[in-house]
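For reference, the structure is listed below as structure tokens.
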Amino acid sequence: MRILNPVIHILSANDFVKKVSILVSGTALSQFVAILAMPVLTRIYTPEQFGFYSIYLAILFSLSVIVSMQYEMAIPHPESDRDAFHILCTAMLFVVSVSISVFIFILYFQDVIANWMNVDHIRMNLLFIPISLLGLGTYQVFNVWLIRKESYPSMTKGKVTMNISQVVGQLTFGLLSFGSLGLVVGDVAGRVGGSSFLGKSMWRDLKEGVKGFSPKLLKQVSIRYKKFPMVSSISSIINELSLHLPLLFVAFSFGPKVAGLYMLAQRILTLPDALVGFSVKQVYLSESTKQARVSYESFRSLYWQTLKKMSWLGVIVIGCIALLSPLVFGMFFGDNWSESGSYVQVLAILYLFQLITGPTLINFYVLECQWLQIISETIRLIIIVGAAIVAHYFIQSTFITIAVLSIAASIGYLVLLYFSWYSMRLKLKGADGIG
């Protein structure tokens, strides 16, 4: 036990690490449930069914960036809770109105969408997108409010509730032979369950906020933080296209089975980001916002410390996953999924850079340098689209296609990392004369 004393001392002395540890503990529990369920899910559902589900998620996450118009990212900024609550209200107005608009659109055009995508099986799945979108958007907005209040235990419980609800739903409907629809309904259950728990956790804050509600102030904060919908939403849309284009390209080029195998590899490689990276992002958002108000020198220190720690974590954890996955995938997930282990190896470099750069991209929001984010996201999208065009015309192999897309997306993350550093350098130079 004496050997652990220095580690315990560091954890207890470092406020940033303590906050991350609280989030990681809850996230670890939720991810542990998901990991335990995965070998069962891969034996209930086929790679093709997971492929249809991956297309559903790609559409859902692409829409998620406009559901609140990114207003929730402004919630930590005001010093006054009253101003922050009115930003929350603005974000929720968009969440509800966009979800209703998507429902009306899908209701009238679901056949057209299914035919255009040449995937008839997702016709029924599309109808659940507005419900998932409402749950996802509400969760995003409430989660950032809890970041502002530094209510990290409530955040972890909300994450656990969401993942457990999702797993239980997908297992239940899978055993009832719902096919890919079972994965979708389980997804809806998870997002609604998670957002409902967060709403209950912040109920007292919501009641206090309603007492001081002012339509005039709502208009004022909407105008004050208009950069978030006007600029951040554009960059976020480009970001989502860059994230999901490789999977959609694989699905349309090689069919839903390959997309399902790709999705499993993707899920395993995103575990470190879901377990630690997501938690670090939440704390980095809170801490960097505070440091930006106080001292840009301390902000810069926080940036480099976070980047170094995430680099070491990524190399060790994702390196181990890449080495072991081809050996254990068939045994762990079933013979139908063994090929997915090879996909992990070629995608590992991509998710390494995603894990490393993730928290530092918060700089664009905290320092209000959204214009730099648009430039960097556009460059990344162009690189990925270029790789997809090359793969379409010159490459027949599934494995090589995925490798080319992985390398291109990795280069894209390096572009984002450079611009996140440059945004900090601009602010530092302007504020303190530090380069």
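Counting other C-beta atoms within 10 Å, which of Met92, Met424 has the fewest, and how do the rest follow?
On the way: Met92 17, Met424 25.
Ranking Met92, Met424 by Cβ neighbours within 10 Å, fewest first, gives Met92, Met424.
So what is the diffusion coefficient of the chain in µm² per second by Stokes-Einstein at 25 °C and 0.890 mPa s, using a Kirkwood Rh over Cα pairs? Present the calculation step by step, with values, prior to reporting the outcome.
Numbers: Rh = 22.5 Å.
Using the Kirkwood radius from Cα pairs, D works out to 109 µm²/s.
If we count every other residue with Cβ under 13 angstrom of Ala251's Cβ, Lys/Arg +1 and Asp/Glu -1, where does the sum land? Present the calculation step by step, with values, prior to reporting the outcome.
Working: positive: Lys257; negative: Glu48.
Summing Lys and Arg as +1 and Asp and Glu as -1 gives 0.
For the chain, calculate the relative contact order in percent as a whole number, restricting contacts to Cα pairs under 8 Å that are 6 or more residues apart.
On the way: 601 pairs, mean separation 88.7, N = 435.
Relative contact order for the chain comes out at 20 percent.
Which ordering of Ser180, Ser397 is given by a fewest-first count of other beta-carbon atoms within 10 Å? Mind showing how you got there, number by number?
Values: Ser180 25, Ser397 11.
Going from sparsest to densest Cβ surroundings: Ser397, Ser180.
Determine the calculated [θ] at 222 nm for the chain from helices alone, applying -39500 (n - 2.57) to every DSSP H run no shorter than 4 residues and normalising by the residue count; nearest 500 deg cm²/dmol.
On the way: 17 runs with 356 residues, N = 435.
Roughly -28500 deg cm²/dmol at 222 nm, from the helical runs in the chain.
In whole Hz, with x marking every Gly and Pro, tabulate ³J(HN,Hα) for the range 104-115 from phi via Karplus 6.51 cos²θ - 1.76 cosθ + 1.60, θ = phi - 60°.
With coefficients 6.51, -1.76 and 1.60, one gets 4, 4, 5, 4, 8, 10, 4, 5, 5, 5, 4, 5 Hz.
Across the range 415-421, in residue order, what do the Karplus-derived ³J(HN,Hα) couplings come to in whole Hz, using 6.51 cos²θ - 1.76 cosθ + 1.60 with θ = phi - 60° and x for Gly and Pro?
With coefficients 6.51, -1.76 and 1.60, one gets 4, 4, 4, 4, 5, 5, 5 Hz.
7 Å from Cα along Cα→Cβ at both Phe399 and Met124: what's the point-to-point distance in nm?
Between Phe399 and Met124, the simple spin-label model gives 3.7 nm.
What is the Cα centroid distance between the range 82-149 and the range 282-344, reported in whole angstrom?
What the calculation gives is 28 Å, centre to centre.
Roughly how many nanometres apart are two label points built 7 Å out from the Cα toward the Cβ at Met331 and Arg293?
Distance between label points: 5.3 nm.
Provide the gained length on full extension for the span Val315 to Arg43, in nm with one decimal, where the gain is 0.36 nm per separating residue minus the Cα-Cα distance.
On the way: separation 272, 0.36 × 272 = 97.92 nm, distance 3.07 nm.
Between Val315 and Arg43, full extension yields 94.8 nm more.
So for Leu181, Leu36, fewest C-beta neighbours within 10 Å to most, what's the order?
Working: Leu181 22, Leu36 10.
Sorted ascending by nearby Cβ count, the order is Leu36, Leu181.
Could you give me the ³J(HN,Hα) list for the range 335-341, computed from phi with Karplus coefficients 6.51, -1.76, 1.60 and θ = phi - 60°, whole Hz, x at Gly and Pro?
With the stated coefficients, the range 335-341 comes to 4, 5, 10, 4, 4, 4, x Hz.
Could you name the lysines whose alpha carbon sits less than 22 Å from that of Lys226, not counting residues in the same chain fewer than 8 places away?
Lys216, Lys290, Lys427
Students often check this: by mean Cβ neighbours within 10 Å, which of 171-177, 124-130, 40-46 ranks highest, and how do the rest follow?
124-130, 40-46, 171-177
Packing-wise, with mean Cβ within 10 Å as the measure, how do 266-277, 302-313 rank, highest first? Intermediate results must be reported in sequence, preceding the final value.
Numbers: 266-277: 20.8, 302-313: 16.5.
The peptides rank, most packed first, as 266-277, 302-313.
At what distance in nm do the modelled label points of Leu93 and Arg204 sit from each other, each positioned 7 Å from its Cα along Cα→Cβ?
About 2.9 nm, to one decimal.
None of the figures in this text is laboratory data; all of them are computed from the coordinates on show. Everything quoted here is computed from the prediction, not taken from an experiment. As a convention, Cβ positions derive from the backbone with ideal geometry for all residues, glycine included, and neighbour counts pool all protein chains shown.
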